[in-house]
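Report on the structure given below.
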Amino acid sequence: MKLQQKIILVSFAIVLLLGSLMAAGGGVDRTTDFFMYLGMTGFFAGLVQLVVGLFLLIKTDKRYAQGFLMSAGILMVVGFTTCTTNFSMNMH
């Protein structure tokens, strides 16, 4: 398995763990609240990884930067879509 794929998998595992802990600590009653916490955690973790990936571009080994930037993009997209699908649209 490539280094970039390992970084993506570890990032998703950390986001799932942190999102679950945040939801459990917040006393989530419904599954929509759980996915809202998970989506917010994923989106903001993606932002953090984007900044880290940009700083890693300075190094000579670009594999770490590629892994963090790919993971950041995927986490932000998945987190954003998870959050926005939980909003119910009432169109009358």
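For this structure, a couple of remarks:
- Applying a threshold of 6 Å to beta carbon distances and a minimum spacing of six or more residues, or different chains, the list of pairs starting in the stretch 47-65 at a residue that is closer than 17 Å to residue 12 by Cα and ending at one that is in a helix (DSSP H, G or I) and among the hydroxyl-bearing types (Ser, Thr, Tyr) reads 49/71.
- Condition check for residue 36: assigned to a helix (DSSP H, G or I) and at pLDDT below 90: yes
- Test: residue in the stretch 14-29 that is in a helix (DSSP H, G or I), over 16 Å from the mean Cα position of the chain (by Cα) and either surrounded by 13 or more Cβ atoms within 10 Å (Cβ to Cβ) or among the polar types (S, T, N, Q) (or both): no
- Yes/no for residue 70 being in a helix (DSSP H, G or I), at pLDDT 90 or above and surrounded by fewer than 18 Cβ atoms within 10 Å (Cβ to Cβ): yes
- Scanning the stretch 1-13 for residues that are surrounded by 16 or more Cβ atoms within 10 Å (Cβ to Cβ) and touching a helix residue (DSSP H, G or I) at 6+ places or on another chain (Cβ under 7 Å) gives 4, 7, 8, 11.
The values are calculated or read from the model by the stated rules, or taken from the named source; none is laboratory data. As the structure is a prediction and not an experimental result, all values here were calculated from the model. Glycine also receives a Cβ, built like all others from the backbone with ideal geometry; neighbour counts cover every protein chain displayed.
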